[in-house]
Amino acid sequence: MILRRLFLGLFALLIAFPASAQAVKLTGEEIRALLTGNTAVGRWEGASYRRYFGSDGVTISAADDAQTTQSEWRVDDELQEYQSRGSGEAEWEGWFVMEFGDTYYWVSRATPPTPFQVLEGDQLVAE
């Protein structure tokens, strides 16, 4: 019975996503347009977060039960990736941004694809 439900669930997913649906890697320009002036919302290492991407290259992050933090962000057009570094850090850390359906994903060699949504504007505080 459980296997049948699992099979039916997987079958429903296959119908919902046509064979032509593919994950798409965003270009530097697309990443910049997606993030600038907007808020990413998702879960990172089990904690919910919200991160606002200012047009001045500053990000403000708010996570569950944590103090708000500020960091820097940029887009590397040569590598076609989003990059971030915390206050006082010298090295930039990079992630590709992928899109599949209505969901975006942070993707790097060090972390599994991590889904997030984008909300228009500064929405650090949940309504």
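The values are calculated or read from the model by the stated rules, or taken from the named source; none is laboratory data. Keep in mind that what you see is a predicted model, and the values were worked out from it rather than measured. When we count neighbours, we look across all protein chains shown, and the Cβ atoms used for this are built from the backbone with ideal geometry, even at glycine.
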| said: Among the residues of the stretch 98-108, are any outside any strand (DSSP E or B) and without any contact (Cβ under 8 Å) to a residue 24 or more places away in the chain? | reply: yes
| query | Of the numbered conditions (1) at pLDDT 95 or above; (2) outside any strand (DSSP E or B), residue 116 satisfies every one except a single condition; which is it? | reply | (2)
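Residues checked against (1) of a type in the set (Asp, Glu); (2) within 9 Å of the chain's Cα centre (by Cα):
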site: 74; (1), (2): no, no
site: 81; (1), (2): yes, no
site: 85; (1), (2): no, no
site: 88; (1), (2): no, no
site: 91; (1), (2): yes, no
site: 102; (1), (2): yes, no
site: 107; (1), (2): no, yes
site: 116; (1), (2): no, yes
| query | From the list 55, 71, which residue is closer than 23 Å to residue 30 by Cβ, in contact with a Gly (Cβ under 8 Å, 6 or more places away or on another chain) and surrounded by 14 or more Cβ atoms within 10 Å (Cβ to Cβ)? | reply | 71
| Going by the conditions given, is residue 102 surrounded by fewer than 16 Cβ atoms within 10 Å (Cβ to Cβ), over 21 Å from residue 125 (Cα atoms) and either of a type in the set (A, V, I, L, M) or modelled with pLDDT of 95 or more (or both)? | no
| Looking only at residues in the stretch 70-81 that are polar (S, T, N, Q) and outside any loop (DSSP other than H, G, I, E, B), which one is nearest to residue 94 (Cα to Cα)? | 71
| field | Flag if residue 122 is surrounded by fewer than 11 Cβ atoms within 10 Å (Cβ to Cβ) and assigned to a loop (DSSP other than H, G, I, E, B) | value | no
